[in-house]
Amino acid sequence: MKLLSRIRTISKNLLRKQQVERRLDDEVRVYVDMLTDERIASGMSPSEARRIAQVGSGGIEQVKQSVRDRRAGAGLELLWQDARFGLRQLRRNPGFTIAAVAALALGIGANTAIFSVVNAVLLKPLTYPDADRIVHFYRPFPEGRREEASVPEFRSLQQQTSVFAQIAGYDASGPEFNLTGGRPEQVHGIHVTASYFRLFGALAILGRTFTPQEDAPNGGKVVILSYGLWQRKFGASPDVIGKALSLGNEPYTIVGVMGKQFVSMPEADIWLPFQFESVSNNLGHFFHIVAKLQPGIGLSQANAQMQLAAAGFLHNYPKANRAQRFPAARASKVDPLQALRAE
Amino acid sequence: MSSKQATLLQGRLDLLVLKALGAGELHGLGISRRIEQVTRGTFLVKPGSLFPALHRMEEAGWLNSFWGESENNRRAKFYRLTRSGKRQLSVETDQWTRVAHAMTNALRAT
């Protein structure tokens, strides 16, 4: 209420300035008139009385100005006067104005240009084939997006074959492994579903990528090497396939080596099959999902389809609605993968 | 008279104006005269400080104003206390009384 009345006062002071000014003028004048009346009553001549009254009040204009300075909104008015003064000065000195504007324009322009170059070179587009069709999954929440997904959600997306051609899961945080046997080294690995490499159009230069059998629970201890690790650890030996890689003292069979140009997101030295229970009804969110849109399907179509699918999903998993605060109106969505990288 | 005039402490003008209006509505000169009278001429309030204070206090919601006839049939702007002005008067009176007591005691201490 107090704030409201203050705003009202400020807007009255600024907008109905003439009226406010006239009232102030009347008020101060009446004061001087009344002071004059007092002097005349005590026997002074009218002109002398008036002169003394005016001097005694300290000048009508000065009184008015001191009221104006204290008035609410005085700061705003001063700012406006400064702005107008600035504009007048600029108009008066065209040479200075041109120089200042040119300096600003060059500065802003140069920054924009440099940023554009940085953006294009450092944040260069993803190198995967059909990268513009690769999207990643997220769930929007008022406090921000969450990118983790659950197995039932993975399955639900898998069924949307009208919009998604392929879908793959991976764990974004990826474990560190102690490479044992020979010189110890810590390597970074991520778990991926068998579909992962196909989705990214990544080819093995030796051996092969994971089979669906290897990706199933108890599918065995197999591993795929990055080009870098293959070079570093095995001296680019062509006969590593079938050999064992010792991770934390457990032997893993090397089934493939990826090409030099394949860099996964996040980067990794080794890839392991995810081997999650694909029929699980566990709603825990523990991995990330990427998908490749069907040719000709746009982001909005995919998201519209996911909105539809959300209703079915909630029907099958009523718990998700309660436990995950996952109302159908807030269905999960997909976003270009490039956007994830820019973050 | 001017020799015993005191400089008005910052912030005390508000209290004097509130007090002057406590007895009823007054116009600007009336407030000046009332303060002069109740302080026995110790404080002479000049319009250069009175009017800014009145406008500020009106904006703060302690006073409101209206135009009326003065005793000499001049159209003058009268001020009166609002409810929040009355509250302010009692708050400031309490404060001032405490300060005055404290100062008196401090100066009396040996």
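Overview of values
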item	result
Taking only Cα atoms of segment A:2-92, radius of gyration then Dmax in Å	18.1, 58
Chain A: relative contact order in percent, alpha carbon pairs under 8 Å with at least 6 residues between	21 percent
Mean projection area, nm², convex hull over Cα of chain A	33.2 nm²
Inter-chain Cβ neighbour average for residues B:66-76, partner chain, 10 Å	3
Where chymotrypsin sites (Phe, Trp or Tyr not before Pro) fall in DSSP loop in segment A:218-323, at most 15 other Cβ within 10 Å	A:Phe286
Length-normalised contact order of segment A:2-92 in % [C-alpha pairs under 8 Å, at least 6 apart]	32 percent
Rounded to whole Hz, the Karplus (6.51, -1.76, 1.60) HN-Hα couplings of segment A:284-294, x for glycine and proline	x, 9, 9, 8, 10, 10, 10, 9, 10, 5, 4
Alpha-carbon centroid distance for the pair segment A:140-185 / segment B:39-86, whole angstrom	74 Å
Average partner coverage of B:50-63, which counts Cβ from other chains inside 10 Å	5
Inverse of mean 1/r across different Cα pairs in segment A:36-149, Kirkwood, Å	22.8 Å
Candidate lysines - alpha carbon under 27 Å from A:Lys333, same-chain residues fewer than 8 apart omitted	A:Lys124, A:Lys292, A:Lys319
Per-residue mean of C-beta atoms belonging to partner chains within 10 Å, peptide B:20-31	2
Karplus-derived HN-Hα couplings along segment A:81-89 (A = 6.51, B = -1.76, C = 1.60, θ = phi - 60°), whole Hz, x at Gly and Pro	5, 4, 4, 5, 4, x, 5, 4, 5
Radius 13 Å from Cβ of A:Phe85, net charge of other residues (Lys, Arg +1; Asp, Glu -1)	+2
Prolate/oblate/rounded call for segment A:137-267, Cα gyration tensor, a/c under 1.5 rounded	prolate
For a label point 7 Å along the Cα-to-beta-carbon line of B:Ala109, residues of segment B:83-98 with backbone N under 17 Å	B:98
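Where a number appears in this text, it was derived from the coordinates with a stated rule and is not lab data. What you see is a predicted model, and the numbers here were worked out from it, not measured in a lab. Quick reminder, even Gly has a Cβ in these numbers, built from the backbone with ideal geometry, and neighbours come from all protein chains shown.
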